[in-house]
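Note sheet for the following structure.
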Amino acid sequence: MRQKKESKTTPRWVPLLLGVLVVLIVMAAGGYLYTLYAFVDGEFMRTDLETLDLRDRGLTDLRVLRRFETLQSADLRGNNAPLEEYEYLREKLPDSVLRFDVPLGDQVYDSLLTELRLDDLPEDWENIRLFSSLRSLTVDHCTNPAAIEALRDSLPECDMSWNLCLGGEWYPSTVTTLRVESSSVYYEELLSQLSWFHNAESVEVIPTVLSPAQQRSLLGAYPKLRFAWPVNVGEAYIGNDAESLTYSITGADSTLALDGTLDLLGSLRSVDFTGSKVPARDRLAFREAHPELAVSWTVLLRGVEYPCNTQALDFNGVALGSLDELESVLPFLPDLQKVEMCDCGFSNEEMDALCKRWENIRFIWNVRFAGFTLRTDATYFCASMDGLSHPYLTNSDTEVFKYLVDMQAMDIGHMYITDISFLQYMPHMTYLIIAECYIEDFTPLGWCKELLYLEAFNTSFHDMTPLLNCPRLRDLNLCYTRVSAKNARECLPQMTSLERVWWCNCPLGDGQIAELKEEYLPDCIFFTVYGGEPSGGAWRYHQNYYEMRDFFHMYYMPGGTNGVDKDGAQIVVDDRGKEFHLFDFDGGQYWWTEEKYASLGWYPYIIGVTA
């Protein structure tokens, strides 16, 4: 019986185990409830809430709210928690929008406000950093620019504007041009305050309150600012932006007063000593010491007085004998731009050397070649201007062309010229006729960046590549040249400025030309009649042609012009090869309508004009 009784006794570890299980269950339940609820201001709240309204509850400890991990927004206004509590919550709940009170001075503001305007920054200005949604801050009278600079770094997305004081007047800190008119402004104030005008580019100080030494100090402190202020020179004050100075107003009898302040007159370009007490020798010394200035006086040259601002001299036809006298006065004529010296007795080489010694002055003289005389500032030249009586130019004649740097239009067609390298000296070449010349190298055409019109028919022209450097070219006549179809296909699509292409015996077929027009040159006119006249069709019946002839001061020539016959009649060949001999031709474009040619009984066949 005793053995049976002992077998029914409960082991002592069982209650212990049950106790442990109970504790674990309670702890698990408590942990579970802890994750779901938080005790806030005397009540349990679910921690998975997305919004909280805890306004005006007098809360002082907000750290329990960090457990609300799904919280999207909370209104905490009207509580007594220190600002550090809100900053702590923002750190722990970065995705939540927290609204609370932010004290500034004697006022309280909503932390989510977007715009704030203050008369000045309060002592607790650092609280402004708590306005996470602030996008606009205006401080009307800022006396602590360092503080607002710090705020700008802390709130990069906030547009801040503030005014700063100079001489009792307030200016926006963002001004680029600062105009100070108050006579109360003083040097020390300028020295300290200007550092806060970060956008300032120029400062204008109107009153005469600064000494030259103080002005130099400000210039050294703010080298990137442009200052405008009156500078003391003798008995006068001169604006430092003045470009000219009438020295007599200073009352000085030497240049010392100006020498002592010239570094402050950075815009000064001219000094007029007229009426001043400064002796002539001192004026000259000043001029030599300051080549950057235009100093007014007169110079005597061949018995004539010239003011130092003379821009042009004319010695045409005057035998100067030597260049020494002229060059001796040139340094005293700083505004001189041009000297005309046609037929003064100097060689081309002497004049060219003179030009190189005085690159800022244009010297004009006559060049002579093959019976022609041209001024070096000529803008056009036509070798056949006098018809068949003209001389035929060769390469030796064109040696002087390098001096014709203003040349814009040149007709040297039908000449014995093989070298056109002189084009490198003619950057403004616009109209060029080199038809029927024996030119060997056409690459110099690439220097003609302003070229509009080119006639190069009946030449050995074989490569269009140089013309790719002529971006304005619009009229091109390459009839009977040696360009390959491959070269034409490569270059023409790139020459989109072309308006007219005359190319009798063109290496491209009709289909290729049609493709070019469709894809690259839709507005370009092509004239490719096989065996046609190089100047046939409407080549000489177009506004571009008229402009070219007008520039040459020449009459208009009819299409197919082919010289004159032995009796002096103008020969015109139409596009069917028919010859017309026109007596008393006066350049009329539509000559067949004139009564004096009615007896011919023919109308010319001109493609694009009569056909």
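The values are calculated or read from the model by the stated rules, or taken from the named source; none is laboratory data. Source: prediction; values computed, not measured. Every residue, glycine as well, gets a Cβ built from its backbone with ideal geometry; the counts of neighbours run over all protein chains shown. Side chains are part of the model used for accessible areas, which takes the heavy atoms of the whole protein and leaves out ligands, DNA and RNA. Shrake-Rupley method; radii C 1.70, N 1.55, O 1.52, S 1.80 Å.
Using Cβ point charges alone (K and R +1, D and E -1), the dipole size of the chain about the Cα centre works out to roughly 2880 debye.
Which percent of the accessible heavy-atom area of the range 482-582 goes to carbon and sulfur, probe 1.4 angstrom? Carbon and sulfur together cover 46 percent of it.
Around the Cα centre of the range 456-611, unit charges on the Cβ atoms of Lys, Arg, Asp and Glu (plus for the first two, minus for the last two) sum to a dipole of about 340 debye.
Between the range 89-114 and the range 190-260, how far is it from one alpha carbon centroid to the other, in angstrom? Going from one Cα centre to the other spans 50 Å. Looking at the range 94-129, the GluC sites (Glu not before Pro) that sit in a DSSP loop and have at most 13 other Cβ atoms within 10 Å of their own Cβ are Glu123. When only Cα pairs under 8 Å and 6 or more residues apart are kept, what is the percent relative contact order across the range 270-408? Once divided by the residue count of the range 270-408, the mean separation gives 15 percent.
Once you have a ≥ b ≥ c as the square roots of the Cα gyration tensor eigenvalues for the chain, tell me rounded if a/c is under 1.5, and otherwise prolate or oblate according to whether a/b is larger than b/c.
oblate
Between the alpha-carbon centres of the range 550-573 and the range 489-542 there is a gap of 24 Å. Of the residues Val501, Leu323, Phe273, the one whose Cα sits farthest towards the positive end of the charge dipole of the chain is Val501 (charges of +1 on Lys and Arg Cβ, -1 on Asp and Glu Cβ, taken about the Cα centre).
What percent antiparallel are the DSSP beta bridges of the chain, to the nearest 5?
Just about 35 percent of them are antiparallel.
Summed over the residues of the chain and divided among them, the accessible surface reaches 52 Å² per residue at a probe radius of 1.4 Å. For the range 151-218, the dipole from Cβ point charges (+1 on Lys and Arg, -1 on Asp and Glu) about the Cα centre works out to 200 debye, to the nearest 20. Here is what passes the span test in the chain: the DSSP H helices with alpha carbon length of 27 Å or more along the helix axis and a Kyte-Doolittle mean of 1.0 or above are 13-36. Using a cutoff of 8 angstrom between alpha carbon atoms and counting only pairs six or more residues apart, the relative contact order for the chain works out to 4 percent.
Which listed residue (Ser133, Thr47, Phe363) has the Cα farthest towards the positive end of the charge dipole for the chain, taking +1 on Lys and Arg C-beta and -1 on Asp and Glu C-beta about the Cα centre? After comparing all options, I get Thr47. Considering only Gly601, Cys342, Thr430, and ranking their Cα positions along the charge dipole of the chain that arises from unit charges at the beta-carbon of Lys, Arg, Asp and Glu, the one farthest toward the positive end is Thr430. For the range 285-381, applying the loop criterion from DSSP together with a ceiling of 15 other beta carbons within 10 Å to the trypsin sites (Lys or Arg not before Pro) yields Arg302. Taking the DSSP beta bridges in the range 471-590 as the whole, what percent of them are antiparallel, to the nearest 5? For the range 471-590, the DSSP antiparallel bridge percentage is about 50. Each peptide in 404-416, 596-608 gets a packing score, the mean of other Cβ atoms within 10 Å over its residues, and the list from highest to lowest is 404-416, 596-608.
Report the FRET efficiency, 1/(1 + (r/R0)^6), for Asp441 and Asp352, where r is their Cβ-Cβ distance and R0 is 22 Å, rounded to 0.05. The pair Asp441/Asp352 has a calculated efficiency of 0.35. A DSSP coil position with no more than 16 other Cβ atoms inside 10 Å describes the following trypsin sites (Lys or Arg not before Pro) in the range 106-169: Arg135. Peptide packing: for 499-508, 67-76, 343-352, the average count of neighbouring Cβ atoms within 10 Å per residue gives the ranking 499-508, 67-76, 343-352, highest mean first. Share of carbon and sulfur in the accessible area of the range 266-369 stands at 48%, probe radius 1.4 Å. Under the classification rounded if a/c is under 1.5, otherwise prolate if a/b is larger than b/c and oblate if not, where does the range 481-528 fall, given a ≥ b ≥ c as square roots of the Cα gyration tensor eigenvalues? Rounded. Each of Glu181 and Ala213 was given a label point 7 Å from its Cα along the Cα-to-Cβ line. The distance between the two points is 3.2 nm. Computed extension gain for Leu36 through Arg152, at 0.36 nm per residue and net of the alpha carbon distance, reaches 37.6 nm. Using a Förster radius of 51 Å, what is the FRET efficiency between Asp95 and Glu499 based on their Cβ-Cβ separation? Nearest 0.05, please. Given R0 = 51 Å and the Cβ-Cβ separation, E is 0.15.
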